[in-house]
Amino acid sequence: MMDDFDVAVIGAGPAGSTTAYYAARAGLNVVMLDQRKEVGVPVQCGEFIPSTSEMKKIIPRVEDQEELFDINDELIKLRTDKLKLVSPKGREYIMDFDGFTVDRRYFDKHLAAKATGAGAELRTGTKFISLDGEIIVTDRGSIKAGVIVGADGFKSSVAKSKGMEVEHVLCPCMLGQVSGNFKPTVEMFFGSVAPGGYAWVIPKNDGANVGLGIQKTGNVSLRKMLDRFLETKGLGKIHDLSAGYVPISGSIPQTVKDNVLIVGDAAGQVMATNGGGIPISMICGRIAGKTIASHFEEKAPLANYDAEWRRTVGPELDNALKTKRQADKVFKSDFKLELAMRMMGLKRMKRAILCKPIF
Ligand SMILES: Cc1cc2nc3c(=O)[nH]c(=O)nc-3n(C[C@H](O)[C@H](O)[C@H](O)COP(=O)(O)OP(=O)(O)OC[C@H]3O[C@@H](n4cnc5c(N)ncnc54)[C@H](O)[C@@H]3O)c2cc1C
């Protein structure tokens, strides 16, 4: 007999675990599958999250953010209160911005544990292969589920299986951890240090997460660019090196089809200006989980998820995409970028960070 669930969530990242938590909390029989043997490993992230008070400024329409971002102190590596943007010539633009850093190995496990605590079943080391109606084929056999959630990241095999695939524009990134003492300031460096993107130093209590994301490599490898950055900044040896991709071309046009919902990076729910996707995927995951619950409780259409997440976070994601496209025009030259940053000034840069229109 095939295992039969109300809901199967593919991917136990922030999007999947949050969806699973809200669906399981409503009493549904939920399974979460992840191809990783250990949730949250390897870390492919800058590990920075804006504080809830900043999130309220970024996306004011999200209800009850305290409940969603109920992140206890043990998960927080360091609270930061400043954001520093550095131009190609080294001019610094420093703004107040509250946030904190986490260790994704523990943060993702915490979210998954919330879901299992609410009754969801977690199956790690299980890779989604394909979909046929309610039947999900994995490398460990098949299961059945009434509703299927693709929270399986930017490559989303679930979206592909359902013909919802869109070619995301991807920003390749490389990152790792360094040791040392750092001020509670998140630093972003722009220009040829990371063409079309930025390099970052995101402080933790015992070092920093250092990396860069770019749009065009030219002839220089990401590793070489990162080594050069580490050397120029005197950041020492990097360890736990990893790489990843951020989808930066906006959301996919259709996030619900029949009994399938697509959430998080899989749906392109990322702030295109800075690649931040953790809080957005949690916001959209909560909407997905709650929509699925009302679908089972009162036959509410699953399509409500698409409408609701677009109403809630759509305008800000669109603003971020617009700003990114404007920035792309000057990103090609350090000279133009330097000038553009001067013209924008701190006020407009802050607006860009808050996903507001800059003009
Ligand atoms: C280098 C880098 C730095 C970043 N820095 C930040 C940051 O500082 N702050 C921030 O907010 N955001 C950051 N992001 C973005 C953030 O990491 C993502 O937006 C966020 O993780 C999205 O969550 P998700 O659950 O949608 O996807 P993911 O976290 O990618 O989770 C997807 C899960 O699906 C699983 N999966 C994939 N395919 C299958 C399959 N076929 N079968 C089973 N399981 C599968 C994966 O193993 C994974 O666990 C960064 C991203 C990158 C790449």
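Kirkwood radius and radius of gyration were both taken over the C-alpha atoms of the stretch 1-71, and their ratio Rg/Rh is 1.05. With a cut-off of 13 Å between beta carbons, the residues surrounding W200 carry a summed charge of +1, where Lys and Arg count +1 and Asp and Glu -1. Listed by chain and number, the aspartates and glutamates whose alpha-carbon sits under 20 Å from that of K82, ignoring those within fewer than 8 places in the same chain, are E47, E54, D73, E92, D96, D98, D103, E187, D206. The three principal axes of the C-alpha atoms in the stretch 35-131 carry coordinate ranges of 49, 33, 30 Å, sorted with the longest axis first. For trypsin sites (Lys or Arg not before Pro), the sites in the stretch 250-359 that DSSP calls loop and that have at most 14 other Cβ atoms within 10 Å are K299, K332. Taking the Cα atoms only, what angle lies between the long axis of helix 304-331 and the longest principal axis of the chain, rounded to 10 degrees? The angle comes out near 20 degrees.
The long axis of helix 334-353 is offset from the longest Cα principal axis of the chain by roughly 50 degrees.
Dividing the Cα radius of gyration of the stretch 138-274 by its Kirkwood radius returns 1.08 for Rg/Rh.
When Rg and the Kirkwood Rh are both derived from Cα coordinates, the Rg/Rh ratio for the chain amounts to 0.97.
Accessible surface calculations at 1.4 Å, restricted to protein heavy atoms, place the chain at 44 Å² per residue. Relative to the longest principal axis of the Cα atoms of the chain, the long axis of helix 104-117 makes an angle of roughly 20 degrees. Placing dummy labels 7 Å off each Cα toward the beta-carbon, the span from R325 to K56 is 3.3 nm.
Dividing the summed helix terms, -39500 (n - 2.57) for each DSSP H run of n ≥ 4, by the number of residues in the chain produces a 222 nm estimate of -11000 deg cm²/dmol to the nearest 500. Residues whose amide H comes within less than 5 Å of that of I129, counting only those at least five positions distant or on another chain, are V137, T138, D139 (H built at 1.01 Å from N in the peptide plane).
Taking only the C-alpha atoms of the stretch 285-353, the Rg (one decimal) and the largest Cα-Cα distance, Dmax (whole number), read 19.0, 58 Å.
The modelled label-to-label distance between D64 and S221, using points 7 Å beyond Cα along the C-beta direction, is 5.0 nm.
Checked against a 18 Å cut-off, the cross-linked pairs K57/K347; K322/K356; K84/K237 give Cα-Cα distances beyond that limit for K84/K237.
The values are calculated or read from the model by the stated rules, or taken from the named source; none is laboratory data. Keep in mind it's a predicted model, so treat the numbers as computed, not measured. Note that each Cβ is placed from the backbone with ideal geometry, even for glycine, and that neighbours are counted across all protein chains shown. These accessible areas exclude ligands, DNA and RNA; they are computed on the full protein's heavy atoms, side chains included. Shrake-Rupley method; radii C 1.70, N 1.55, O 1.52, S 1.80 Å.
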